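The values are calculated or read from the model by the stated rules, or taken from the named source; none is laboratory data. Nothing here was measured: the structure is a model prediction, and the numbers come from that model. Cβ: placed from backbone, ideal geometry, glycine included. Neighbour counts: every protein chain shown.
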Amino acid sequence: MTSNEPIKILVTNQKGGVGKSTISANLAAYFALQEGLQVALVDFDKQASSSRWTKKAPDVGIRVSQVEINYQSAGMALLSARAGVRKYSSGVDISICDFTWTPAMSEDFMSDFDIVLIPSSSAKFEMASTEIFILEYVQKRMARLAASKQSLIVVPSRVDPGYAAVGAFTNLDFLANCHIAPPIHRTPQVDSYVYEDFFCVCPDKAVADNFCTFGKYIVNKIEERRETKKTLSISGQSVNREIAKKVSVLDDYRKRAHNLGFYGGAAMAEVKPKASPDIPQEAPLSRSIGERFIPSFLRKSTEQD
């Protein structure tokens, strides 16, 4: 199922402790185990929690990489981050990038991804912080988002089993490209799975079913994204064809105009002005008069040294 270009997923938030690395590692495992996809996990976090989990747990075929970003300047940070994604995302179906957002990184990096997952707890303060984070990003990249149709997905994370997303994140309701994923429940015995196993295949059926529900939701969004990219590609090709057609028509018009004598064409060379006896002909400008219109620093010197 490997395509020429993978679907790139960014898991990010500006706050820590919201389950970002847990989601990254377990979602990669879900894609590999339950969907049979080739997956790359690119870990940008210094703590490297998601990559450590994936490496120490049973090998399920995930390509795991760690990338260190050069923060000497905003430009270098963006270049090094993009280079890491490009290098480690080739030859797979899905690329998942685990990144704690920082103001030192340009929003252009976030715009590069097909899907952005933003984990958030159900605490009111963190929900408000997540809303602000998303709204600021949308405000800064409104035109690009409208063109790319990027999907932003809030992931309620580490919430109680009775949690309902109804009435949550209401300030994002007006965003057509923003969605709320099925919640990932708090797992009291999570430490027993860290580095040992993955949620989607763990012995606790409630934990496995809960994460598989979330995973399937993301798979559906991936399929929607693939269809959207096809539409965008076809639309782009249509626009290019129309541009080529317009350029061709313009070139044809210019050629015909040139042949007919417009703009100094070939036909104009055959047309010679007739002298009228009633209208005195102007004498050509003398060299001295013509030179008046030439700046001194462009004049050719005629004096002999």
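Which is at pLDDT below 95 and either surrounded by 18 or more Cβ atoms within 10 Å (Cβ to Cβ) or basic (Lys, Arg) (or both), of THR187, THR170?
THR187
Looking at the stretch 49-80, which of the residues that are of a type in the set (A, V, I, L, M) and in contact with a Ser or Thr (Cβ under 9 Å, 6 or more places away or on another chain) is farthest from VAL39 (Cα to Cα)?
ALA74
Return yes when SER192 is hydroxyl-bearing (Ser, Thr, Tyr) and either closer than 25 Å to THR228 by Cα or buried (at least 18 other Cβ atoms within 10 Å of the Cβ) (or both) and no when it is not.
In short, no.
Output yes when any residue across the stretch 34-54 is of a type in the set (A, V, I, L, M, F, W, C), over 26 Å from ASP191 (Cβ atoms) and modelled with pLDDT of 95 or more, and no when none is.
Yes: one or more hits.
So which residues in the stretch 49-62 are crowded, with 16+ Cβ neighbours inside 10 Å and out of contact with any helix residue (DSSP H, G or I) (no Cβ under 7 Å at 6 or more places or on another chain)?
SER51, ARG52, LYS55, ALA57
This table checks each residue for (1) at pLDDT below 95; (2) out of contact with any Asp or Glu (no Cβ under 8 Å at 6 or more places or on another chain); (3) surrounded by fewer than 19 Cβ atoms within 10 Å (Cβ to Cβ).
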position	(1), (2), (3)
ALA83	no, yes, yes
SER89	no, yes, no
SER95	no, yes, no
PHE99	no, no, no
THR102	no, yes, yes
MET105	no, yes, no
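Among the residues in the stretch 21-34, are any more than 20 Å from TYR217 (Cα to Cα) and more than 23 Å from the chain's Cα centre (by Cα)?
No, that holds for no residue.
For residues in the stretch 141-199 being over 23 Å from the mean Cα position of the chain (by Cα) and small (Gly, Ala, Ser), which is farthest from GLU126 (Cα to Cα)?
Restricting to residues being over 23 Å from the mean Cα position of the chain (by Cα) and small (Gly, Ala, Ser), the top hit is SER192.
Go through the stretch 169-191 residue by residue and tally those that are small (Gly, Ala, Ser) and either in contact (Cβ under 8 Å) with a residue 12 or more places away in the chain or in contact with an Asp or Glu (Cβ under 9 Å, 6 or more places away or on another chain) (or both).
Total meeting the criteria: 1.
In the stretch 63-77, what residues are in contact with a helix residue (DSSP H, G or I) (Cβ under 8 Å, 6 or more places away or on another chain) and among the polar types (S, T, N, Q)?
SER65, GLN66, ASN70, listed by residue number.
Evaluate the following for SER89: is it in contact with a strand residue (DSSP E or B) (Cβ under 9 Å, 6 or more places away or on another chain), among the polar types (S, T, N, Q) and under 29 Å from GLU227 (Cβ atoms)?
Yes; evaluated as a whole, the condition is true for this residue.
Within the stretch 100-140, track down each residue that is over 15 Å from ASP173 (Cα atoms), more than 16 Å from the chain's Cα centre (by Cα) and among the polar types (S, T, N, Q).
If the condition is that a residue be over 15 Å from ASP173 (Cα atoms), more than 16 Å from the chain's Cα centre (by Cα) and among the polar types (S, T, N, Q), then THR100, THR102, SER120, SER121, SER122, SER129 are the ones that fit.
Against the conditions (1) exposed (fewer than 14 other Cβ atoms within 10 Å of the Cβ); (2) in contact with an Asp or Glu (Cβ under 6 Å, 6 or more places away or on another chain); (3) modelled with pLDDT of 95 or more, where does MET1 fall short? Just the number, please.
Of everything listed in (1) exposed (fewer than 14 other Cβ atoms within 10 Å of the Cβ); (2) in contact with an Asp or Glu (Cβ under 6 Å, 6 or more places away or on another chain); (3) modelled with pLDDT of 95 or more, MET1 misses just condition (3).
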